[in-house]
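Chemist: Once you've had a glance at the structure underneath, I'll fire off some questions.
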Amino acid sequence: MSANVSFAQNSRFKIGWIILLMIAALMTLGHFSLIFIFMDERVLFAGLAASNLYAFIAIYTAFRRGEKWAWIVTWTLPGLALLIAATVPSIAIYYYGVAAICVLGLLVTMRDFFSQAR
């Protein structure tokens, strides 16, 4: 038995989805690699990599299907980026940029999640 999902994916949604998927994948790989570079803070980077991996999986599966909880959970990506930017000023510009791109991707897809036509 298969469930038919009637979630219309227009080009605007696909662009936002791809942006979020790429950011989550790059952040996962980046934080995972930092586990081996900065040995003193490997627990921190392992936690960040795990959280980014969770966001990646949610974006790849449930977000693409149009489940509202996945859109809400995806806000952890810009939230973590802003938290890191606020605590480590030396790399803040990078994380502010990541957060801005994530927010753009989320706002581009918002209409598809919360429209009355669904």
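All of the numbers you see were taken from the coordinates with simple rules; none came from a lab. Small disclaimer: the values here were computed from a predicted structure and weren't measured. Here the Cβ is made from the backbone with ideal geometry for all residues, glycine too, and neighbour counts use every protein chain on show.
Chemist: Spin-label point model (7 Å from Cα, Cβ direction): what's the LYS68 to ALA46 distance in nm?
Modeler: About 3.7 nm separates the two model spin labels.
Chemist: Could you give the length gained by full extension between TRP75 and LEU26, i.e. 0.36 nm per residue of separation minus their alpha carbon distance, to one decimal place?
Modeler: Contour length minus Cα-Cα distance gives 16.0 nm.
Chemist: Report, in deg cm²/dmol and to the nearest 500, the calculated mean residue ellipticity at 222 nm for the chain, where each DSSP H run with n ≥ 4 adds -39500 (n - 2.57) and the sum is divided by the residue count.
Modeler: Helix-only estimate at 222 nm: -24000 deg cm²/dmol.
Chemist: Expressed as a fraction of 2.2 N^0.38 Å, the rule-of-thumb size for a compact globular protein of N residues, what is the C-alpha radius of gyration of the range 11-113?
Modeler: Expressed relative to 2.2 N^0.38 Å, the Cα Rg reads 1.06.
Chemist: To continue, here is another question. May I ask for the net charge around ILE15, where only other residues with Cβ less than 15 Å from the Cβ of ILE15 are counted and Lys, Arg are +1 while Asp, Glu are -1?
Modeler: +3
Chemist: What FRET efficiency comes out for the pair ILE18/ILE91, r = Cβ-Cβ distance, R0 = 25 Å, nearest 0.05?
Modeler: Step by step, r from the Cβ atoms, then E = 0.50.
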